[in-house]
Amino acid sequence: MIAITGATGFLGRHLIAKLKGKPVKCLIRKEYPRFKVNITKGDLADKKALESFTKNAKVVIHLAAAIDPKDKEEYQKVNVEGTRNLIEACKKNKVRRIIFVSSMASTKTHLDDYGKSKSEAERLLLNSGLELTILRPSFIYGKDSNSMEKLLSFLHKFKVIPIVGDGEYKFRPVHVDDVVNAILSCINNKKSINKAYDILGKTELTFNEFIDTVCKKYNIRKRKVHIPLSICLPISSIGSLVTKNFPLKRTFVLSVKSGTTGSIKPAERDLNYKPMSFIKGLNK
Ligand SMILES: NC(=O)c1ccc[n+]([C@@H]2O[C@H](COP(=O)([O-])OP(=O)(O)OC[C@H]3O[C@@H](n4cnc5c(N)ncnc54)[C@H](OP(=O)(O)O)[C@@H]3O)[C@@H](O)[C@H]2O)c1
């Protein structure tokens, strides 16, 4: 039995589609009428539900997370404490194997609140004694991606496209199918135990190139305006004094500055990981 948290999310739905016909159990917070799998109702704060969810599981795939919550306390509550509760339930039910989908955000020099919580969850899992694999995707795109929808609505919203800093920082967006394949190839793969893998796309782009490619694909013709970090930083600091949920977070600005690097070599070697190019993924 494969027990999956976060199955109703963007990545989870793609994973479930690929696991069709396999024995699967999902931790679900609310009813999804079209979600026809074995479920345990509850959330990561509910220790009883987690105990029942992990019962008879051979492997747990932990995807559930707060990614962009209204209240930043949720990062700690869901991503850190929720993971702690899940570890406890796994131990109670003698589940040994866990695959954790973390994020490249946990590897930056300056961690934002999300990255901090993912890094803390990784640390808890590393110290848990469970047979752990950590996968760290970068920005995931593909059919029904929340992040891509948010980006597109942002690109449509303004007359120009505001970009934090010079936009020359590099990253490698990854298609959801590649992330799903990486997860699947960990399940019965002993080589991946107690390892962490960067799960990146094939194409490395600067943020400027990424925006240009997306705009071209969706026929958005707007000028990019780069806002120097020296201006973004004070704006984010003042904004956070005015309102708790100011969208431009200081930690985010600092994390942009530090960028992310990473390598898919370990995943290629152990997981037979062969990601697609950004153009191919965008046209899928
Ligand atoms: N999307 C990306 O670009 C990206 C990049 C790197 C890493 N990741 C990681 O990949 C994983 C999946 O991301 P995603 O894009 O699929 O996210 P998503 O669409 O926001 O889905 C999040 C999932 O977590 C569940 N969840 C949230 N809080 C929960 C709680 N307290 N208890 C139980 N379940 C809870 C949600 O359930 P409901 O349906 O009930 O809300 C949903 O199923 C996450 O761990 C994320 O950090 C994502």
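Condition check for GLY167 on (1) more than 30 Å from ARG96 (Cβ to Cβ); (2) in contact (Cβ under 8 Å) with a residue 40 or more places away in the chain; (3) not in a loop (DSSP other than H, G, I, E, B): one failure, at (3). Per this entry, TYR75 is not counted among residues that are among the hydroxyl-bearing types (Ser, Thr, Tyr), at pLDDT below 95 and under 24 Å from LEU254 (Cα atoms).
Evaluated against (1) under 25 Å from the mean Cα position of the chain (by Cα); (2) part of a strand (DSSP E or B), VAL214 falls short on exactly one condition, (2).
Can you pull out the residues in segment 14-27 that are within 11 Å of the ligand (Cβ to nearest atom) and touching a helix residue (DSSP H, G or I) at 6+ places or on another chain (Cβ under 9 Å)?
In the first step, residues of segment 14-27 are kept if they are within 11 Å of the ligand (Cβ to nearest atom); the result is 14-16, 26-27.
Matches in segment 14-27: HIS14, LEU15, CYS26, LEU27.
Scanning segment 180-198 for any residue that is touching a helix residue (DSSP H, G or I) at 6+ places or on another chain (Cβ under 9 Å) and farther than 20 Å from PHE100 by Cβ turns up nothing. Filtered by the rule that a residue be of a type in the set (D, E, K, R) and buried (at least 17 other Cβ atoms within 10 Å of the Cβ), segment 14-27 gives a lone residue, LYS25. Screening ASN188 with (1) under 15 Å from the mean Cα position of the chain (by Cα); (2) more than 18 Å from GLY262 (Cα to Cα) gives one miss only, at (1). Restricted to segment 260-278, and to residues that are polar (S, T, N, Q) and over 18 Å from the mean Cα position of the chain (by Cα), which residue is farthest from PHE171 (Cα to Cα)? Looking at residues that are polar (S, T, N, Q) and over 18 Å from the mean Cα position of the chain (by Cα), I get ASN272. Within segment 25-70, track down each residue that is at pLDDT 95 or above, part of a loop (DSSP other than H, G, I, E, B), over 30 Å from PRO247 (Cβ atoms) and aliphatic (A, V, I, L, M). Of everything in segment 25-70, just one residue is at pLDDT 95 or above, part of a loop (DSSP other than H, G, I, E, B), over 30 Å from PRO247 (Cβ atoms) and aliphatic (A, V, I, L, M), namely ALA57.
Only a single criterion out of (1) part of a helix (DSSP H, G or I); (2) within 23 Å of the chain's Cα centre (by Cα) is not satisfied by LEU241, namely (2).
Among the residues of segment 124-134, are any within 14 Å of the chain's Cα centre (by Cα) and under 30 Å from PRO275 (Cα atoms)? So that I can check it myself, show each step before the final result.
Residues of segment 124-134 that are within 14 Å of the chain's Cα centre (by Cα), as a first pass: 134.
When the remaining residues are screened for being under 30 Å from PRO275 (Cα atoms), the result is 134.
So far as segment 124-134 goes, yes, one or more of its residues are within 14 Å of the chain's Cα centre (by Cα) and under 30 Å from PRO275 (Cα atoms).
Taking LEU135, is it in a strand (DSSP E or B) and modelled with pLDDT of 90 or more? Spelling it out, LEU135 is indeed in a strand (DSSP E or B) and modelled with pLDDT of 90 or more. Could you please let me know if LYS257 is farther than 26 Å from ILE16 by Cα, of a type in the set (D, E, K, R), surrounded by 12 or more Cβ atoms within 10 Å (Cβ to Cβ) and at pLDDT below 95? Yes: the conditions hold for LYS257.
Of all residues in segment 86-132 being of a type in the set (Ser, Thr, Tyr), within 16 Å of the ligand (Cβ to nearest atom) and in a loop (DSSP other than H, G, I, E, B), which is modelled with the highest pLDDT? Give the derivation first.
First, the residues of segment 86-132 that are of a type in the set (Ser, Thr, Tyr): 102-103, 106-107, 109, 114, 117, 119, 128.
Then keep just the ones that are within 16 Å of the ligand (Cβ to nearest atom); that gives 102-103, 106-107, 114, 117, 119.
Keeping just the survivors that are in a loop (DSSP other than H, G, I, E, B) gives 102-103.
Working: SER102: 98, SER103: 95.
Checked segment 86-132; the qualifying residue modelled with the highest pLDDT is SER102.
Residues in segment 28-83 that are near the ligand (Cβ under 8 Å from one of its atoms) and farther than 26 Å from ARG123 by Cβ were compared, and the one that is surrounded by the most Cβ atoms within 10 Å (Cβ to Cβ) is ILE28.
The values are calculated or read from the model by the stated rules, or taken from the named source; none is laboratory data. Only a predicted model underlies this, so the values are computations on that prediction, with no experimental measurement involved. Here the Cβ is made from the backbone with ideal geometry for all residues, glycine too, and neighbour counts use every protein chain on show.
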